[in-house]
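**Q** Take a look at the following structure, please.
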Amino acid sequence: MDIVVTVKQVPDPDIPPTHFRVDEATRTVIPPAGVSPVMNGYDAHALEAALRLRDQLGGKVTVVSLGPDSARDALKRAIAMGADAAVHVNDPALNAADSTTTARALAAAIKKLGHVDLVLSGRQASDTDGGQVHLGIATHLGLPAVSPVQKIDDPSAETVVAERIVEDGYQRLRVRLPALLGVSSEMNEPRYPPLKGIMAAGRAQIPVWTAADLELEAGQPGKVQLRRLYVETREASVEIIEAESPGEAGAKLADKLREARLV
Amino acid sequence: MPTRPIGWNVSEVAFGVMYVLVAVQALLLAYGGTRRYVMWRRGRPLSGPLDRVGERARHALAVTFLHRRLLRPGYLYSGLMHLFIFWGFVVLFIGTLIVLLEADIVRPYFGLSFYQGTFYVVYKLVINLFGLLFLVGLLMAVYRRYGQQLPRFRRSLSDDAIVLGLLLFLGLTGFLLQALRLAATHDSAAPIHWVSYPVALALGGVDPAVLTGAHAVTWWSHMLANTALLVYIPVSKLAHIFTGPANVFLRATDPKAALNTIANIEEQEHFGVAKLEDFSWKQLVNFDACMRCGRCLDFCPTFNTGKPLKPRQLIVEIGAYMNRQAGLLAGPAGPRIDEAGVRGSELTAADEPSLVQVPVIANLIGDVVSEDELWDCTTCRACMEQCPVQIEHVPLIVEMRRNLVLEQSKFPQELVTLFNNLERNANPYSFPASTRAEWAAAAGVQELAQVADPSSLEVIYWVGCMSSFDARGQRVATALAKIFAAAEVRFAILGREEGCSGDPARRAGNEYLFQLLAQANIERLNHYSSEKRIVASCPHCFNTLKNEYPQLGGNYEVIHHSQFIQELISSGRLKVAPGVLEGNGFAYHDPCYLGRYNEVYDAPRDVMQSVAGGFAEMPRCRDRGFCCGAGGARAFMEEKRGTRISHNRLNEAIDTRADGVAVACPFCVTMFEDGVRALNVEERFAVKDIAEIVAAALGSES
Amino acid sequence: MPGVLVIADASGEQLAATTAELVGEGARLAQQLGGKPVTVLLAGKNVQGLASGLGQLGVEKVLVADFDGSAAPSPQWSIAAAEQAARSVQPEVILLTHAGGSRDLGATLAYRLDTGIVTDATALRVDGGELIITKPVFGGSAIAEFAISSSPSVVTLRPRAFETGEEPTPHGDPQIESLAVPAFDAAIEVLEEVREQATGGPRLKDAKVIISGGRGLGGPENWHFVDELAQILGAAVGATRAVTDAGWVSPSLQVGLTGATVAPDLYITIGISGAVQHIAGISGARNVVAINRDADANIFKYARWGVVGDWKLIVPAFTQRLKELRG
């Protein structure tokens, strides 16, 4: 089975909220010193699912990422985990683009790879929390898509069975290949790369494609613009809720949470 | 002229048979030994020729003849027991050689004789003494194994009984032979054969013909028993006679506290041990040296809390497997090998041993040794400390862990979190590295990078991850900072330039990650100066920096904070009022990586004496200290099987009736703090690091 | 006709609670865009009867696409229905809820219409003729504002982040129009739907809201307070190692260094002191609430809100107020 996995490199999601900084002028994240970006968590689950399918059925796993030079590290990690090949789409015109452009570019890259039976993506990226690009890819490629998926069963040359998570439960769907699945973390635990894999990844040559290589029409503007990025100023220390009685404090707490749109 | 007729009542034919049998035994022994040697050599070759041969030989001789490793604190009875058996046998053997010398060499070829007169008298007095000691030792052993009901002798094998039985038989028949001859020949020198003499007197009235007949029978049975013994040696626990000293000779001479490194790790194709041949040939000798005494189990935290890992069983199983692979008999009465998998249950006496073919394709990890056993180990080294033949259980286990981690990527899920955190944040938690020195700002402690004149500093304080990030650990760091201030010790911390020492990664088998972490630290430390003394408040950091960083080019003078505090007190730099024991005081717990690993037992005790006026000593203390359960990266894994190691130790501390437990390691603090909560004694049983105790004794506000 | 198209979540043969929020926000937007109409699409199985319920919410026009297959409608059918509705209504804004199947439906729909989408919005406003969409990003550590330059703007709304609006003027009988769903190349077959949950509540690792209990609860007999709270908030339940070791709850609930690492938007702790092994498991939590009787407990260092006192007096009132707020 020839599988393509899309991965995105994102800022480390474990950065505690109190240490999270953004540059409002450039609308970018300033990670704390020494904190490197990582492969998006859900994408790691997608990669693991791909590797398991390949180990079971044979075939090839290719990883694709769109991003600046640093995205190379995510691709290397994927190779270390066992991916057979990787492609890096790296073009200033595309790297900071919006989701619609990203979806177009990744779809073009996957098309350029040739025959593919299955595309696996993480259900969403932990920076934008969007969950839309993979569905855009599917639409551009004309692939049936199911997302989010917690299990892949009964794979064959023509179909797979995917368990799609719905409100309180799941659906079992038989999907005709080629198809795209958005993978959720319930599916598996991503493997830790063996040392030989890490060494192989270090030596790997990863081709870089630009917008020209993908034959994308230049100058097509994105449809979604980021207008503002900011961090809500928060008190460094805890707000202790005072009230006449503990019960009142409890009720007040509920109101505070509702005010913050958390409940 | 006192002497005895050598070979009285023994025909030429009998002697002829005896010599033939001796020759056959010697050949068999040589053959068995050679096959065994060949089997060991299937292991990996060493990286260089064997080093320090002279020192090794001296050490092996001392261990063997002076019984240094048997006569340890707490083992007086069994130490003496074995001493008697050993020296009894050795002297009896030498005695036999002396007779052989007289009868087969000196007399026929030189026409001389020394086996008479004074020589003979002394000879007989001594040999009777040692023969008696031999028997006493054996009887002590019988009682030890079958009477004392020790946990490690719960399951004995036929092999154990056969060995004891044979030796006893030999000893007794030896004296009987002597007694029968004395009685039958009315030897005038009888009294010098003082052990047999009373028996000879008792037999005085018996018909000499009967005595002679009995003597012949006894002679043949003694000779046959001797043959049986020598033939039995290579296929029984008695092989340790040769393999034990061999193993002691071959043991690692590097600091005992260090695990070996993997050089050029990036170019290796294969990591750790997945099959027998991956062990070095020295390591393979380990498995043959074990004679199942079980001392490794006495203070083992996993054995004593009902977990799968039992060090003796691990060694014995691999040993039996190794012997099968080599086509050698593991011994008809030895450990049984299952048909289904090589791993059997614990050695059970109930199962009659049989020679069963082990499937040759059995995997070392999985079939012979389970992964659970490998991950259970806390690397406390209680097993290695007690092993009389210096088997190296911990490095063997870590080698197998290395294969699981670096090659198979197969290990407990919790370690994925640990490795990822170490990789990303240089600490085992998920806190960003940039927050490492936040505790210091509050305590007025400077980072080295901020110090204008680093040469003015006396020491670098290596804080460690637990004291940097954990609120409980930070209290210890703050206490130590207070102590430094009171003693006017100028110091700084690496702060944000400090990363995890790498200890948990290395113990868990992730040697690659360890090297990454270590190299980063070494680079920073060398940048500042490798001459400063480093004080570490965590024994794991202390051990790694001191004993293992040299492997990667980091050579530093590192001391533990208990040693430094002791220095400060004894030099008068730290003024503490002589401690008065308040209430019932503290029980002192020896951290494994400080005590057994680095033999620092006294410094913390001196400190406790100075500031607290004393402390309670637990029964399992010093080299027999019982682990808290956190070592070997176990602090980062779930403890799912058996009972809790930390509770076992904590109950021992509580039983001393002290008001709390004093420790010198942040891992121990964490395990015990969790423990007192789980046991619901947090109100009445305190857990304190000695730095906190000392800081409190300084009297200023906390 | 243009305006706002609301795609209601009508799976499971009932109207989801989020419909009221969608309609309310839709109506508000429609007003801001110049008094445009609001159309609601009901697509699913046996949805005919739900149309009148929409009337209660003040909806004037309803498009109904009834699925007549035996099993549940496949994602392809839902997108076909939605796309057909969008092409026929030609709205300026399309709203869906950011939950369940609507999440991926919205995204696929946007790409089919060759337009942009912003998901999980927490606020919408019209500013200088443009629709500005606010949403949390980086797991809630930062807030972003987006604008969509193409038409229609597709937005999925975070459940319970929007007011349902002023009392709507109920329309007795909304105008109901039947929508024919065009044929499509069926590549997805629904084999079965499994609705019951094996364990109540969402999976711990992905939950947006987690209620976590510690030793301070006193004993397993008090654990139901945690469960109730979790049920009301649709939250997952977590526990400290002390609690799982003591056997009060299953070890699968353990949150911490050796248990699950979680990064919810909201992490409510009851009776947890905050030892490092636990904190290490929640360093990604955006908002921590601490309820503990010890004002010095470590947990307060990591919390955004805290209440110091006896949880037995605090939690029932807290739970009650939440019940009221959520209706």
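The values are calculated or read from the model by the stated rules, or taken from the named source; none is laboratory data. Quick caveat, the model's predicted, so the values are computed rather than measured. Glycine gets a Cβ as well: all are built from the backbone with ideal geometry, and neighbour counts include every protein chain shown.
**Q** Return the only residue of A:147, A:126 being in contact with a Pro (Cβ under 7 Å, 6 or more places away or on another chain) and either of a type in the set (Lys, Arg) or at the interface with chain C (Cβ under 9 Å from one of its Cβ atoms) (or both).
**A** Among A:147, A:126, only A:126 is in contact with a Pro (Cβ under 7 Å, 6 or more places away or on another chain) and either of a type in the set (Lys, Arg) or at the interface with chain C (Cβ under 9 Å from one of its Cβ atoms) (or both).
For (1) among the aromatic types (Phe, Trp, Tyr); (2) touching a Ser or Thr at 6+ places or on another chain (Cβ under 7 Å); (3) outside the structural domain of residue B:326 (by TED's automatic domain parsing); (4) not in a helix (DSSP H, G or I), each residue gets a yes or a no:
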{"position": "B:9", "(1), (2), (3), (4)": "no, yes, yes, yes"}
{"position": "B:16", "(1), (2), (3), (4)": "no, no, yes, no"}
{"position": "B:21", "(1), (2), (3), (4)": "no, yes, yes, no"}
{"position": "B:54", "(1), (2), (3), (4)": "no, no, yes, no"}
{"position": "B:60", "(1), (2), (3), (4)": "no, no, yes, no"}
{"position": "B:80", "(1), (2), (3), (4)": "no, no, yes, no"}
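**Q** Kindly list, by first and then second residue, each pair from a residue in the stretch C:14-34 that is outside the structural domain of residue C:54 (by TED's automatic domain parsing) to a residue that is in a loop (DSSP other than H, G, I, E, B), limited to pairs with Cβ atoms under 9 Å and residues at least 6 apart or on different chains.
**A** Hits for this filter: zero, empty list.
**Q** Identify, by number, the condition in (1) surrounded by 17 or more Cβ atoms within 10 Å (Cβ to Cβ); (2) not in a loop (DSSP other than H, G, I, E, B) that residue B:100 doesn't meet.
**A** Tallying (1) surrounded by 17 or more Cβ atoms within 10 Å (Cβ to Cβ); (2) not in a loop (DSSP other than H, G, I, E, B), residue B:100 fails exactly one: (1).
**Q** (1) touching a Lys or Arg at 6+ places or on another chain (Cβ under 9 Å); (2) crowded, with 24+ Cβ neighbours inside 10 Å; (3) more than 10 Å from chain A (Cβ to nearest Cβ): which one isn't true of residue C:78, the others all being true?
**A** In the conditions (1) touching a Lys or Arg at 6+ places or on another chain (Cβ under 9 Å); (2) crowded, with 24+ Cβ neighbours inside 10 Å; (3) more than 10 Å from chain A (Cβ to nearest Cβ), residue C:78 misses (1) alone.
**Q** Collect the residues in the stretch C:113-126 that are at the interface with another protein chain (Cβ under 9 Å from one of its Cβ atoms), surrounded by fewer than 21 Cβ atoms within 10 Å (Cβ to Cβ) and in a strand (DSSP E or B), keeping them in residue-number order.
**A** Result: C:123, single match.
**Q** Out of the residues in the stretch C:253-281 meeting the condition of being more than 7 Å from every other protein chain (Cβ to nearest Cβ), β-branched (Val, Ile, Thr) and part of a loop (DSSP other than H, G, I, E, B), tell me which one is surrounded by the fewest Cβ atoms within 10 Å (Cβ to Cβ).
**A** Residue satisfying both the conditions and the ranking: C:262.
**Q** Okay, next question. Given the conditions (1) within 8 Å of another protein chain (Cβ to nearest Cβ); (2) touching a residue at least 40 places away in the same chain (Cβ under 8 Å); (3) buried (at least 16 other Cβ atoms within 10 Å of the Cβ), which single one is not true for residue C:195?
**A** (3)
**Q** Sticking with this one: Have a look at B:613, B:632, B:585, B:595 and point out the one that is touching a Ser or Thr at 6+ places or on another chain (Cβ under 6 Å) and either small (Gly, Ala, Ser) or crowded, with 24+ Cβ neighbours inside 10 Å (or both).
**A** Answer to the check: B:632.
**Q** What tally of residues in the stretch B:223-267 results from selecting those that are farther than 20 Å from residue B:281 by Cα and within 14 Å of chain A (Cβ to nearest Cβ)?
**A** 4
**Q** Let me ask something else. Filter the stretch C:127-165 down to the residues that are within 8 Å of chain A (Cβ to nearest Cβ), surrounded by fewer than 20 Cβ atoms within 10 Å (Cβ to Cβ) and closer than 17 Å to residue C:5 by Cα and list them by number.
**A** C:150
**Q** A further question on this structure: What are the residues in the stretch B:261-283 that are assigned to a helix (DSSP H, G or I), closer than 23 Å to residue B:40 by Cβ and charged (D, E, K, R), if any?
**A** Those that are assigned to a helix (DSSP H, G or I), closer than 23 Å to residue B:40 by Cβ and charged (D, E, K, R): B:277, B:278, B:282.
**Q** Could you go through the stretch B:34-50 and let me know if any residue there is surrounded by fewer than 15 Cβ atoms within 10 Å (Cβ to Cβ), out of contact with any strand residue (DSSP E or B) (no Cβ under 8 Å at 6 or more places or on another chain), of a type in the set (Gly, Ala, Ser) and not assigned by TED's automatic domain parsing to the domain that holds residue B:289.
**A** Yes.
**Q** Here are some residues: A:165, A:152. Which one is within 20 Å of the chain's Cα centre (by Cα), within 23 Å of residue A:52 (Cβ to Cβ) and within 11 Å of chain C (Cβ to nearest Cβ)?
**A** Result of the check over A:165, A:152: A:165.
**Q** Also: Are any of the residues in the stretch B:523-542 assigned to a helix (DSSP H, G or I), farther than 17 Å from residue B:428 by Cβ and within 14 Å of another protein chain (Cβ to nearest Cβ)?
**A** Checking the stretch B:523-542: at least one residue is assigned to a helix (DSSP H, G or I), farther than 17 Å from residue B:428 by Cβ and within 14 Å of another protein chain (Cβ to nearest Cβ).
**Q** Among all residue pairs at least 6 apart or on different chains, which show Cβ distances below 7 Å where the first residue, located in the stretch A:6-30, is free of Cβ contacts under 8 Å to residues at least 12 places away in the same chain and the second is among the charged types (D, E, K, R)?
**A** Short answer, once both residue conditions are applied: A:30/A:21; A:30/A:23.
**Q** Here's a check for you: in the stretch C:41-55, which residue that is out of contact with any Pro (no Cβ under 8 Å at 6 or more places or on another chain) and either hydroxyl-bearing (Ser, Thr, Tyr) or surrounded by 15 or more Cβ atoms within 10 Å (Cβ to Cβ) (or both) is farthest from residue C:127 (Cα to Cα)?
**A** Ranking the candidates gives C:47 first.
**Q** Quick check on my filter: what residues within the stretch A:76-112 are more than 27 Å from residue B:408 (Cα to Cα), among the aliphatic types (A, V, I, L, M) and in a loop (DSSP other than H, G, I, E, B)?
**A** A:96, A:97
**Q** Considering the stretch B:443-470 alone, what residues qualify as being within 18 Å of residue B:559 (Cβ to Cβ), in a loop (DSSP other than H, G, I, E, B) and either at pLDDT 95 or above or of a type in the set (Gly, Ala, Ser) (or both)?
**A** Once the filter is applied, which keeps residues that are within 18 Å of residue B:559 (Cβ to Cβ), in a loop (DSSP other than H, G, I, E, B) and either at pLDDT 95 or above or of a type in the set (Gly, Ala, Ser) (or both), the stretch B:443-470 yields B:463, B:464.
**Q** Restricting to the stretch B:140-159, name every residue that is closer than 18 Å to residue B:238 by Cβ and outside any loop (DSSP other than H, G, I, E, B).
**A** Hits for the stretch B:140-159 are B:140, B:141, B:142, B:144, B:145, B:153, B:158, B:159.
**Q** Okay, next question. Take the residues of the stretch B:402-435 that are at the interface with chain C (Cβ under 9 Å from one of its Cβ atoms) and of a type in the set (A, V, I, L, M, F, W, C): which is farthest from residue B:377 (Cα to Cα)?
**A** Among them, the one singled out is B:431.
**Q** I would also like to ask the following. Go through the stretch A:209-241 and give me each residue that's more than 9 Å from chain C (Cβ to nearest Cβ) and modelled with pLDDT of 90 or more.
**A** Passing the criteria: A:209, A:210, A:211, A:212, A:213, A:214.
**Q** Also: Give just the number: which of (1) crowded, with 18+ Cβ neighbours inside 10 Å; (2) over 30 Å from residue C:269 (Cα atoms); (3) facing chain C (nearest Cβ under 8 Å) does residue A:185 not satisfy?
**A** Among (1) crowded, with 18+ Cβ neighbours inside 10 Å; (2) over 30 Å from residue C:269 (Cα atoms); (3) facing chain C (nearest Cβ under 8 Å), the lone unmet condition for residue A:185 is (2).
**Q** Within the stretch A:1-75, which strands (runs of 3 or more DSSP E) (wholly inside it) include 1 or more residues that are at pLDDT below 95 and more than 19 Å from residue A:191 (Cα to Cα)?
**A** Per the criteria, A:21-23, A:28-30.
**Q** With within 14 Å of chain B (Cβ to nearest Cβ) and surrounded by 24 or more Cβ atoms within 10 Å (Cβ to Cβ) as the only criterion, which of C:284, C:214, C:238 stands out?
**A** Residue meeting the stated conditions: C:214.
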